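Each remark here refers to the structure printed beneath this line.
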Amino acid sequence: MSIQRLIFFVLSALFFIGSSVWIKDEISPKWIKYQKEYYKEQAIKVEKEYSAASSAKEKELLGRRLASLKRPVYEVKQILLKGDYSWDKRLNGDKVDRCITCHIDEEKLKEKHPNAKEFPFDIYGCAVCHGGIGRALNEKIAHKGIYYHKRQMEQRLVAAESLFEFWSELANLTPEESDPNQRLGMGDFKKYSITGDKAIYVGSKKCLKCHTGLTSPHVERWLRIKFKTFELVKEAPDYIAGNEGYRKTCLKCHTTGYDETTGRYSEEGVTCEACHGAGEVFSYFMDIGKALEGQKIAKVGTFGTPYNICGPCHHTRNHEMRLKFFQERGADDEWFFPQHTTPYKTGLTEKGDASKSLPKIY
């Protein structure tokens, strides 16, 4: 046999093998295997529930579900994300995430992702946090550059830009509000770390170790005024008399790191992280000697005094409940408004000394 024929034979054999593998993958892709396993598990689970069911109505519902599980439709499942792919990333067309084609068990996904309530899969997909190529159906291609767990996600945090890209993508994927002033930007996601979890508040003591000397005028002023706001709030008659709901409205602005779901906060008063955000990430950069990277993150959303940082608390309507409280007790305007604001006229200033016994509120 000549060399030319041998080469032709070898190449033909390789082509045949490659084509066979490709055809097999196209006819019976691996994702079908995962879906078969899932539907089989679900069918067994529903069969047990059906056997244990007591009412006829419950049996009927479970029977229908069982029938559909035993005749499943294997199909590509995808989430249509907000935005489009761009040619500069060598992709085009609609932005989709097809991870759920293989990772089909949504209940298990929710168990492993406690933050799914804040970042629902049907809006944000999976690739925004885990990386990889969410559009691919081939497992090897889909998992290219993927971050399987939090430790791997954290390892990509080599510069501030890594976090900025993550925050920007979250902002891009978030559905737009009709009001342009309510639309979210990168800075609105500053409270999240690179893993998608809420960033940890490290406390002002850690910040002040360096900044007492570096930015002393700012620190001295803040320590004298804002750090102590909650001390004054706790002495306020309306806070003392108020119920839990009333006090919560005070905690939102007069503590740092307040979590409405748990009712807990990091520190009393308006401390460093109240404006600069939870310090987990930028303090990490400071600790490893990348102070400039940490500084970039700390500045996000704080310069230019944007509304989303200052507005939620520095809003006159936030104190309407206090106005009502003091009006009902015939108190003077002075007891409702801090010294640095212009009092509204309530017409109660001529009611004698009803407010004299109340401590002054700043």
statement: If we ask which residues in segment 253-264 are surrounded by fewer than 13 Cβ atoms within 10 Å (Cβ to Cβ) and part of a helix (DSSP H, G or I), their number turns out to be 0
task: Evaluate segment 243-265: report whether one residue or more is closer than 20 Å to PHE285 by Cβ and of a type outside the set (Lys, Arg).
output: yes
- request: Test LYS89 against the criterion of being modelled with pLDDT of 90 or more and basic (Lys, Arg), and give yes or no.
  value: no
message: Here is a check on your reading of the model: is VAL233 over 20 Å from ALA278 (Cβ atoms) and not assigned by TED's automatic domain parsing to the domain that holds PRO114?
response: yes
message: Being of a type in the set (Lys, Arg) and either at pLDDT 90 or above or farther than 26 Å from THR174 by Cβ (or both) is the filter here; which residues of segment 62-86 pass it?
response: ARG64, ARG65, LYS70, ARG71, LYS77
- line: Checked pairs for segment 148-175, first touching a residue at least 60 places away in the same chain (Cβ under 8 Å), second outside any helix (DSSP H, G or I) and surrounded by fewer than 16 Cβ atoms within 10 Å (Cβ to Cβ), C-beta under 8 Å and 6 or more apart or across chains, list as ASN172/LYS82; ASN172/GLY83; LEU173/LYS82; LEU173/GLY83; THR174/LYS82; PRO175/LYS82
task: Scan segment 268-282 for residues that are touching a helix residue (DSSP H, G or I) at 6+ places or on another chain (Cβ under 7 Å) and part of a loop (DSSP other than H, G, I, E, B) and jot them down.
output: GLY269, VAL270, THR271, GLY279
statement: All-but-one check, GLY269 against (1) surrounded by 18 or more Cβ atoms within 10 Å (Cβ to Cβ); (2) farther than 27 Å from PHE230 by Cα, failing number (2)
statement: Exception for VAL202 within (1) more than 24 Å from TYR284 (Cβ to Cβ); (2) at pLDDT 90 or above; (3) hydrophobic (A, V, I, L, M, F, W, C) falls at (1)
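Okay, residues lined up against (1) at pLDDT 80 or above; (2) in a helix (DSSP H, G or I):
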residue: TYR246; (1), (2): yes, yes
residue: LEU251; (1), (2): yes, yes
residue: TYR284; (1), (2): yes, yes
residue: LEU292; (1), (2): yes, yes
residue: GLY301; (1), (2): no, no
residue: GLY304; (1), (2): no, no
residue: ASN318; (1), (2): no, yes
residue: PHE337; (1), (2): no, no
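The values are calculated or read from the model by the stated rules, or taken from the named source; none is laboratory data. The shown structure was predicted, so the numbers you read here are calculated from the model rather than taken from an experiment. As a convention, Cβ positions derive from the backbone with ideal geometry for all residues, glycine included, and neighbour counts pool all protein chains shown.
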